[in-house]
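Before any comments, here is the structure.
A short reminder: the numbers here are calculations on the coordinates, not readings from a lab. Since this is a predicted model, take the numbers as computed values, not measurements. Don't worry about glycine lacking a Cβ; one is built from the backbone with ideal geometry, like all the others, and counts go over all protein chains shown.
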Amino acid sequence: MIYEAINQFVKTAKTSRSSVYRFYKKNDGLWEETKMKSNKRLIPTTHAKYFDNELLFDELQTATLENKSLKRLIDCLADNDTIPATFWNLNWSFFFTIAYRTERNKKSCFRLMTAMFEEVDTKYGDSTDLRIFFTTEPFTNRKGYHNHFVIYVENKQLQSQIVQDIEKFFEFDRVDFSVYDRYKAGLFYMSKNGLENEDWYYDSNIDIKA
């Protein structure tokens, strides 16, 4: 943790000394995270966010969305006899979103996603277990569809290369990905509108019970 003396901290947080002391008077727990050194009060730089109303609002929105996601996760897990609940109990490596540059319909998205996984499986299938689950959804701000998917790559030494290959496959589109977090309720978000026809797809080179 990085600390700053009070004089520097008020510049970092764009506030005043009196505001800083009033804040800590109301928040004893955070005051305990400060420390004394050479007779100077040192404050963690991470505390600067508490003096930025815009940043706090963004964090509140994020926390609200995460709480809603966790509620949905709990509700969905209450019924184990569902496809999302079955998939939630499997291991996954990454969560991807593909926002296509051009306007694509469901069938076009479906063909691209299955072609991508076939390419990955052909190249790496002999060296690692693979599975994928994807959904196709309409954009809310323009015409066309986009994809969310989770992918499992058992061989961790190949994960980075496979991510690069996926990014290369969709090089003309916007690709966002993150390490899969089963507590973010991503699988249930993906299936929020139901699973029908080209709306979703599952494939694997291993048994679903693995």
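Summary of values
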read-out: Size descriptor, Kirkwood hydrodynamic radius, that averages inverse alpha-carbon separations across segment 83-204, Å; value: 14.6 Å
read-out: Ranked list, fewest to most other Cβ atoms within 10 Å of each Cβ, for 101, 41; value: 101, 41
read-out: Cα-based Rg of segment 3-51 normalised by 2.2 N^0.38 Å, two decimals; value: 1.00
read-out: For the chain, projected area of the alpha-carbon convex hull averaged over all directions, nm²; value: 16.3 nm²
read-out: Segment 83-204: relative contact order in percent, alpha carbon pairs under 8 Å with at least 6 residues between; value: 42 percent
read-out: Residue-averaged 222 nm ellipticity for the chain, from DSSP H runs of 4+ at -39500 (n - 2.57), nearest 500; value: -13000 deg cm²/dmol
read-out: Pairs beyond 23 Å (Cα-Cα), from 123/156; 14/68; 123/168; 26/71; value: 14/68; 26/71
read-out: Semi-axes of the equivalent ellipsoid for segment 109-156, Cα gyration tensor, largest first, Å; value: 26, 11, 6
read-out: Charge sum, other residues only, whose C-beta stays under 12 Å from residue 128's C-beta, Lys/Arg counted +1 and Asp/Glu -1; value: -1
